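> Structure incoming, see below.
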Amino acid sequence: MIDIKSMSLQEMGDFLQSIGQPAYRAKQVFTWLHKGARSFDEMTNLPKSLRDQLAGSCLLTPPKVARKQVSRLDGTMKYLWELADGNCIESVLMRYHHGNTVCISSQVGCRMGCAFCASTIAGKVRDLTPAEMLDQVLFTQLDSGLEISNIVLMGIGEPMDNFDTVRKFLELVNHPDGMNIGMRHISLSTCGVIPGIRLLGDLGLQLTLSVSLHAPDDETRSRIMPVNRAYPVDELFAACHEYFRKTGRRISFEYAMIDGVNDHDWQADLIAKRLKGMPGHVNLIPLNDVVESPFKPSRRIAAFQKRLESHGLTATVRRSLGGDIDASCGQLRRKAMEEARKGEIPNDGSMEHE
């Protein structure tokens, strides 16, 4: 079966011509799919013969809401989506004064092994398709009734480990006949996969690159982020400087504050040294407690921020959202997997928390 929703408009036109249909039908099909059609029967402006033909040769895989939690504190919504093959992924809808942001996943699970992250505990299962990434944005918008204005690729998985899919997703979600979300409203996060950073720089897209730094020295970073053993800090910052030269876009450096591990003044000084000559934004993240992790939230966030600012850097502390609904990455999926093993999880959306 053909994954038609992962096709670009041009690819869709070529496909339709290959099955004896006029290419202009592609825009009709494309528009229906990007409005959230769950079946070809919904495409009422297409001839029934074409709808039947598409249903017989193409696969649509809209996700099901396996679980939905809504924060009583700030309205953050967390979705656990069940995919067509039974695997589950997470998306989080965060509401800000400037618009609604959805954080989406790029893989089922993750193989990067970051010590403080719940997403990687069970390892990587598979990559998502462009359609499965797009559907997280689209069906979050449809289910919530809230227009999505911003996208963050910071959910389960490493986007640079699924680069071709991510590139195709960006093309689809940016398309004027689709959701038409501008690149400047999209942020892509990587734990430091250098080949992906270089490929992204070559594309010259005007999105925001976020690098999950979490430590500026090899000893600490290799301890908490195994990816650093393949792509050490010196090489990572060299790639970041190269990315800035190519795109002119400021990079955001994500920094989860871990008590006694990466929150020392000398590490703040080293960040400033490595960023010299390149505008950068350091986003300090209060660590979420993960049961399986020995790491605890830092008690020095304010002091670390002040130290960074003393070097002239822009440093902010991320606002914590959804603290009452397992909103940090991977927690809801992990909990659901544990409950599924015990035969406790319902798959009908009945676990909505409001």
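> For the stretch 172-246, which helices (runs of 4 or more DSSP H) that fit wholly inside it have 1 or more residues that are in the same structural domain as Val152 (by TED's automatic domain parsing) and in contact with an Asp or Glu (Cβ under 7 Å, 6 or more places away or on another chain)?
Of the helices (runs of 4 or more DSSP H) lying wholly inside the stretch 172-246, those with at least 1 residues that are in the same structural domain as Val152 (by TED's automatic domain parsing) and in contact with an Asp or Glu (Cβ under 7 Å, 6 or more places away or on another chain) span 194-203, 227-230.
> In addition: Out of curiosity, is Glu219 of a type in the set (Asp, Glu) and without any contact (Cβ under 8 Å) to a residue 12 or more places away in the chain?
Taking the combined requirement at face value, the residue satisfies it.
> Here's a follow-up. Scan the stretch 142-160 for residues that are assigned to a loop (DSSP other than H, G, I, E, B), of a type in the set (D, E, K, R) and in contact with a Lys or Arg (Cβ under 8 Å, 6 or more places away or on another chain) and report the count.
Of the residues in the stretch 142-160, 1 are assigned to a loop (DSSP other than H, G, I, E, B), of a type in the set (D, E, K, R) and in contact with a Lys or Arg (Cβ under 8 Å, 6 or more places away or on another chain).
> Go through the stretch 110-141 and give me each residue that's modelled with pLDDT under 95 and either among the small types (Gly, Ala, Ser) or in a helix (DSSP H, G or I) (or both).
Gly113, Ala115, Ala118, Ser119, Thr120, Ala122, Gly123
> Pull up the stretch 209-236, narrow it to residues that are within 15 Å of Lys276 (Cα to Cα) and crowded, with 22+ Cβ neighbours inside 10 Å, then point me to the one that is nearest to the chain's Cα centre (by Cα).
Here the answer is Leu236.
> Considering only the stretch 247-262, state which residues are in a loop (DSSP other than H, G, I, E, B) and either in contact with an Asp or Glu (Cβ under 8 Å, 6 or more places away or on another chain) or buried (at least 23 other Cβ atoms within 10 Å of the Cβ) (or both).
Asn262
> Still on this structure, I have one more. Going by what's in this entry, would Ala272 be described as without any contact (Cβ under 8 Å) to a residue 12 or more places away in the chain and assigned to a helix (DSSP H, G or I)?
For Ala272, the condition - without any contact (Cβ under 8 Å) to a residue 12 or more places away in the chain and assigned to a helix (DSSP H, G or I) - is not met.
The values are calculated or read from the model by the stated rules, or taken from the named source; none is laboratory data. This is a predicted model, so every value here is computed, not measured. For neighbour counting, all protein chains shown are included, and Cβ atoms are generated from backbone atoms with ideal geometry for every residue, glycine included.
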